[in-house]
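First up is the structure itself, then whatever we jot down about it.
Read the figures in this text as sums done on the coordinates, not as results from a lab. Computed from a predicted structure; not experimentally measured. No Cβ is skipped: glycine too gets one built from the backbone with ideal geometry, and neighbour counts run over all protein chains shown.
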Amino acid sequence: MTSQQRVTIRVLGKEYTFETQGDPAEVREAARLAEETIQRVQSHFANRGQGDKAALLVLAIMDICGRYAAFSKEHQRFIERIGARSEALLDRIRQQTEGRVS
């Protein structure tokens, strides 16, 4: 069983402390990436009157989720390619093995 560890992160200038079973370093890295995304979105919309924090967070979430969806799709294609290549390799091994046994 993994023990709970307290970790403190800072997002939009506010500190949040909570317990996690994950690696605190990974949690802090996730917070850093979230803050980086928020800052990127904020700088993009700063001159368009999108100063509301809730709107900023929604836009950052949409950015992160969009990137996650693209990554997931590419990961699935990679898994499918690996599966197809593995099957082709197994077929070649079977063919060569059957040729030797006969």
Stretch gain in nm, segment ILE64-GLN42, where the contour uses 0.36 nm per residue and the Cα spacing is subtracted: 6.5 nm
Placed amide H near VAL11: partners under 5 Å, 5+ positions off or other chain: TYR16
Candidate values (i) 16.6; (ii) 17.8; (iii) 13.9, label of the one derived for Kirkwood radius over Cα pairs in Å: (ii)
Full-extension gain in nm, GLU35 to GLN76, via 0.36 nm per residue minus C-alpha separation: 12.0 nm
Over the stretch 5-101, relative contact order from alpha-carbon pairs under 8 Å, at least 6 apart, %: 16
Within the chain: Cβ-based charge dipole about Cα centre, in debye rounded to nearest 20 (Lys, Arg +1; Asp, Glu -1): 220
Within a Gaussian network of the chain (alpha carbon springs, distance under 10 Å), most fluctuating of ARG77, ARG67, ARG40: ARG77
